[in-house]
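Reading through the structure tokens given below for one structure.
The values are calculated or read from the model by the stated rules, or taken from the named source; none is laboratory data. Please read these numbers as outputs of a predicted model, since none were measured by experiment. Neighbour counts are summed over all protein chains in view; Cβ atoms, including those assigned to glycine, are modelled from backbone coordinates with ideal geometry.
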Amino acid sequence: MLEFCGLHVRCQCPVLLLSSQACDFVKKRDDTVLRVVWNGDLRLIHTGPKGGSARRWFFTINGKECSDPRTIDTQLHVSDSDSNNHRPAYVEGYCRGITAWDVYVAWNVGDVPSVQSVYNIGDSETGWMATVRIIVEEVDVESADTVIV
């Protein structure tokens, strides 16, 4: 489900469907940064012959990961195949260099490239039986610079 936030400076997109966790946003100015937040639960079950499983959850903005200052992501590594624990998660970050225009912010799950040779992909789930949220906010550079190192 996509929720269009129009010309607001802050937007919350509550998501009920696991298959589509994304948010449309209109960024008004070139000289601002985007603050993105994902709040919900994550689950990873170990599967396969290797000693553990790993998955990575990450934001994309207009189909690309943020690179300035860094990617906005989190990872889970598990070795227990009997556990089906859904862990609460809160991921937040700032992204510079996004021009003013329509912005498509998505929450994704994928491989952990640095460990895929020794870890399985596993069985991952994003959000379960609860509303998860994507929050997108346009922030002045001066405000963001106090928190971006």
Condition first: at positive phi and among the small types (Gly, Ala, Ser). Now tell me which residues in the range 56-92 satisfy that. 63
State whether the residues of the range 106-128 include one that is modelled with pLDDT of 90 or more, in a loop (DSSP other than H, G, I, E, B), surrounded by fewer than 19 Cβ atoms within 10 Å (Cβ to Cβ) and not acidic (Asp, Glu). yes
Return yes when residue 74 is out of contact with any Pro (no Cβ under 6 Å at 6 or more places or on another chain), polar (S, T, N, Q) and not in a loop (DSSP other than H, G, I, E, B) and no when it is not. yes
Single residue of the range 9-67 satisfying the filter (free of Cβ contacts under 8 Å to residues at least 60 places away in the same chain and not in a loop (DSSP other than H, G, I, E, B)) that is farthest from residue 128 (Cα to Cα): 64
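Listed here are the residues, each with its yes/no results for (1) surrounded by 15 or more Cβ atoms within 10 Å (Cβ to Cβ); (2) over 30 Å from residue 53 (Cβ atoms); (3) modelled with pLDDT under 90; (4) not acidic (Asp, Glu).
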site: 104; (1), (2), (3), (4): no, no, no, yes
site: 140; (1), (2), (3), (4): no, yes, yes, no
site: 143; (1), (2), (3), (4): no, yes, yes, yes
site: 149; (1), (2), (3), (4): no, yes, yes, yes
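Of everything in the range 14-29 that's modelled with pLDDT of 85 or more and buried (at least 16 other Cβ atoms within 10 Å of the Cβ), which residue is farthest from residue 103 (Cα to Cα)?
21
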Per the filter on the range 76-102, residues of a type in the set (S, T, N, Q), closer than 25 Å to residue 132 by Cα and in contact (Cβ under 8 Å) with a residue 40 or more places away in the chain are 84, 85
Go through (1) loosely packed, with under 13 Cβ neighbours inside 10 Å; (2) free of Cβ contacts under 8 Å to residues at least 60 places away in the same chain and name the single condition residue 73 misses. (1)
